[in-house]
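All remarks here apply to the structure that follows.
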Amino acid sequence: MTCTIMLPDKLYSGKADDLIQLLSSNSGQDITIDGRKVLSVGALAAETLLRFQGFCQSSGYAFQIQVSSHFEDDLKLLGMAEALLGKEQPQ
């Protein structure tokens, strides 16, 4: 069974602890992150998602993420789009 986690519209780095708690409470299963309504994401929040993705994959659970164009743009600016979304950075 896949758990879908809805992200808030703003993922500030200052709220990374809340994000960690949300992700931790849903670990141990296949995960879909729904970030289609995210308007902005901070570096610490993005890093938290990247680490959680690695945890899921190393534990044998599926990890999928759906993002808005704003979310994707912020990930590109942070240099994390390729790692989190599998999309190459423009040169």
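Loop sites by DSSP among the chymotrypsin sites (Phe, Trp or Tyr not before Pro) of the chain, restricted to those with at most 16 other Cβ atoms within 10 angstrom, leave 13-60 as the longest stretch without any of them.
For the chain, applying the loop criterion from DSSP together with a ceiling of 14 other beta carbons within 10 Å to the GluC sites (Glu not before Pro) yields 88.
With a simple spin-label model that places each label point 7 Å from the Cα along the Cα-to-Cβ direction, the separation between residue 4 and residue 24 comes to 2.6 nm.
For the chain, the longest principal axis of the Cα atoms and the long axis of helix 43-58 meet at an angle of about 40 degrees.
For the chain, averaging the sequence separation of C-alpha pairs within contact (under 8 Å, six or more residues apart) and dividing by the residue count gives a relative contact order of 30 percent. Provide the per residue accessible area, probe 1.4 Å, for the chain, rounded to a whole number of square angstrom. Solvent-accessible surface per residue comes out at 59 Å². The calculated 222 nm mean residue ellipticity attributable to helices in the chain amounts to -13000 deg cm²/dmol, summing -39500 (n - 2.57) over DSSP H runs of n ≥ 4 and dividing by all residues.
For the chain, give the percent of accessible area contributed by carbon and sulfur heavy atoms, probe 1.4 Å, rounded to a whole number. Carbon plus sulfur share of accessible area: 50 percent.
Can you give the convex hull volume of the alpha carbon atoms of the chain per residue, in Å³? Working shown, then result.
Numbers: hull volume 7.3 nm³, N = 91.
Expressed per residue, the convex hull around the Cα atoms of the chain is 80 Å³.
Taking θ as phi - 60° and the Karplus parameters 6.51, -1.76 and 1.60, the scalar couplings of the range 67-76 work out to 10, 7, 5, 5, 4, 4, 4, 5, 4, 5 Hz in sequence order, x denoting glycine and proline.
For the range 28-91, run through the trypsin sites (Lys or Arg not before Pro) and keep only the ones in DSSP coil with at most 16 other Cβ atoms within 10 Å of their Cβ. Let's see the in-between values first.
On the way: sites: 36, 37, 51, 76, 87; in loops: 36, 37, 87.
Loop-located and lightly packed - 36, 37, 87.
Under a Gaussian network description of the chain, with springs only between Cα atoms under 10 Å, the residue in 77, 23, 39 that fluctuates furthest is 77.
The values are calculated or read from the model by the stated rules, or taken from the named source; none is laboratory data. What you see is a predicted model; the values in this text were computed from it and never measured. Here Cβ is always computed from backbone atoms with ideal geometry, including for glycine, and neighbour counts include all displayed protein chains. These accessible areas exclude ligands, DNA and RNA; they are computed on the full protein's heavy atoms, side chains included. Shrake-Rupley method; radii C 1.70, N 1.55, O 1.52, S 1.80 Å.
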